[in-house]
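Each reported figure results from applying straightforward, stated rules to the coordinates on display, with no laboratory input. The structure presented is a predicted model; accordingly, all values stated were derived computationally and were not measured.
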Amino acid sequence: MNSPQPSYNNPISGMKSLFSGLPLMSKTGIKSYVLIPLLINIALFFVALLVGIHYFSLFMSNVLDFSNLWNWVAALLNLIKPILWVLFFIIYLTFVFYTFSLFANIIASPFNTLLAEATENYLIGNNINANSSLSSISIKQIISLSIKSIAQEIHKLVYFLIRAIPLLILFLIPITMPFAPILWFAFSAWMMSLQYMDYPFGNHDIKFNHQISMQKQKRWFSLGFGSAVLLMTMIPVINFMIMPLAVISATKNSFNNFNISES
């Protein structure tokens, strides 16, 4: 096994650690697992985009049909129709970019688990499952892994909702309103770290509550890592690559900063 790197607990090291996984994405034994989460991200985005275009087209057609009762309204709508389409794309794409990753994580969770395992195999040179490869995984194994992974994603979602609702209320209270965006960003960054560190931790059967305790011991590192993931998910196109990169980097962090092999 490779000797672990020095352990850090500061946000800058946490942010830098996200990009430490970049060289591993093209490594033999890892790159085939990168492809599935990447394709899921892209497919979900384009499906959401096509659905949005379809229903907005129907909406526009119905509005124009109704407005034909008043010629001047129909003429005005036809005139500004291109502007309405531009506004639709700006608003809808913003909404999709900020929300589809939640569903992508749930659907891709079993493949992210396999990606974390493949990354660990590469890092330690001592396979968890020596025969593991994407082509050798059976449908039965995928289904079993999916049930386990989706149950864990629901667990994380419950953890998120219990804490997110009180934080959202802060946006409605005048005295706390100025601080609410900062607290929300910090909480979102924390959730990103929990989300992606769960894959390597889960492969070692470390329960979610124990994962939280471990990350609290390296709170600043975790917040830095989660902040980098969160910021990258806000950049169109680049955010397609963040899911597999975050899983790989989280797996590397689990050894270098959390000594997962000793847990």
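Given axes a ≥ b ≥ c from the Cα gyration tensor, I'd like to know whether segment 206-263 is rounded (a/c under 1.5), prolate (a/b larger than b/c) or oblate.
prolate
Quick one: length gained pulling Ala75 to Ser20 fully straight, 0.36 nm per residue minus the C-alpha distance?
Using 0.36 nm per residue and subtracting the Cα-Cα distance, I get 14.2 nm.
Of the cross-linked pairs Lys31/Lys252; Lys148/Lys252; Lys16/Lys252; Lys16/Lys218, which ones have a Cα-Cα span greater than 19 Å in the structure shown?
Pairs exceeding the cut-off: Lys148/Lys252.
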